[in-house]
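Report on the structure given below.
The values are calculated or read from the model by the stated rules, or taken from the named source; none is laboratory data. On a predicted model such as this, the values are computed, not experimentally measured, just so you know. When we count neighbours, we look across all protein chains shown, and the Cβ atoms used for this are built from the backbone with ideal geometry, even at glycine. When the accessible area is computed, the model is the full protein with side chains, heavy atoms only, and any ligands, DNA or RNA have been set aside. Shrake-Rupley method; radii C 1.70, N 1.55, O 1.52, S 1.80 Å.
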Amino acid sequence: MQVYWNGSLVDESAVRISFDDRGFLFGDGVYEVVRVYHHQFFEWSRHMARLERSLRGIALPGVDLAAITQGADRLLEQFPEADGALYLEITRGAYPRAHAFPPDGTKPTVLMWIRPVPARNMDAWHDGVSVMTTYDDRWAKVWIKTIGLLPNVLAKEQAHRQGLFDAIFVRDGMVTEATSSNVFIAQNGQLMTAPVTNYILPGITREVLLEEAQRLQLPVVQQPFSVEALKAADEVFLTGTTTEVLPVTKVDGHLIGTGHAGPIARMLLDALWSRAGVVS
Ligand code: PMP
C-alpha cells in the first residue's frame, strides 16, 4: 500500500518512525479520519478546519495543510476502491525524550493512508446496537482530536467484554458522547445532542446532520441531557465518520423505543447518504 509520509508517497514498507517520536513517547499528536465516498473525500474542508484547531490546541505550528491536501489527493488517485477512509496523523516529531517541546525546527511527523472500510452491518443497523454507560474520565480538552485515546480504548474494551457494541460517556450525570462517535436522542419528534464544549469532540457528521435536520425541519436542540433522558428516549443513535448513523436500542440493558431502528435515524441516514451520493 502507498502511504503519504512527510511529504512523499512511499510504499508502506519504507516508512520509518523513530522510537523518539513524540507520538510514540507522549501521545503528542493529533489525527483526522475522513470518509471517501464515490472516490471523493466527504467534507474535506471541514476536516481540515478541525485539524487546524486541533493543531492550535496542542500548539503545533508550521504544518502545511495545503501540502497535506495535495498529498491526500495523490493518495486518492492511487486508491483503487470507491469507498474508504483516510487516516491522517501528525505528531510533534522525533527528539530525545523530554517533556518540554523540542527546539523550533523539529519536523512534525505526518503520516496518511487510505484503507477500505468494513462492509456495513445492516443487521446491526436495523436492530440497533446495545451499549453501556460509563463515567467520562477523559481530560478537559476532548475537543482536540488527540491521538491520546486511552480512556476511549479502555471504555470500548469494557463494553466489548460485556458483549456490547460501545460505551457512552457520562460526565456529572450528563451524556457527552460515545468512545468514537457523538450521541443524539429523539423524544417526541425533537432531536437533542450535547452542545459543543470542551467535553465533546465536535464531530463533522454531527455538524452535517444538524444541517440536514434543519433542512428536514426536524426540531433540534443542542443541550445537555441526562442518562435518564437517554434511557427514556424514543430513539438513540450514534454518529461519526465511520459509524455514519447507527441506532442504539439498548442502554445498560434497558430497551430503547421499539427495539428497532427508529424513523428519525432512518431519515438522517438517508440524508447523509444522499449528501454523500450513496444509493440506499
Ligand atoms: N467523538 C469521538 C470521541 C470520536 O472519536 C469521533 C470520531 N472521530 C466522533 C465523536 C465523531 O466525529 P466525526 O463525525 O468527525 O467522525
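The table for this structure:
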| quantity | calculated |
| --- | --- |
| Given the chain, longest segment not containing exposed loop trypsin sites (Lys or Arg not before Pro) (DSSP; at most 14 other Cβ within 10 Å) | 142-280 |
| For segment 94-232: rounded, prolate or oblate by the Cα gyration tensor [a/c cutoff 1.5] | prolate |
| Long-range Cα-Cα pairs in segment 1-64 (distance over 17 Å), rounded percent | 59 |
| Heavy-atom accessible area per residue - segment 84-210, 1.4 Å, Å² | 47 |
| Apportionment of accessible area to carbon and sulfur, segment 92-239, percent (1.4 Å) | 55 |
| Convex hull projection area averaged over all views, segment 186-266, Cα basis, nm² | 5.3 |
| Cα long-axis angle, helix 204-215 against the chain (0 to 90 degrees, to the nearest 10) | 40 |
| Globularity ratio of segment 1-129, using Cα Rg and 2.2 N^0.38 Å | 1.16 |
| Using alpha-carbon coordinates, inclination of helix 44-57 to the longest axis of the chain, degrees | 70 |
| Nearby lysines by direct alpha-carbon distance to LYS250 (threshold 27 angstrom, same-chain neighbours under 8 apart not counted) | LYS156, LYS231 |
| Kirkwood estimate for the chain, i.e. one over the average of 1/r between Cα atoms, Å | 19.8 |
| Top of PRO224, PRO118, PRO103 by mean-square fluctuation, Gaussian network on the chain, Cα under 10 Å | PRO103 |
| Chymotrypsin sites (Phe, Trp or Tyr not before Pro) restricted to DSSP loop in segment 1-47 with at most 14 other C-beta within 10 Å | PHE19 |
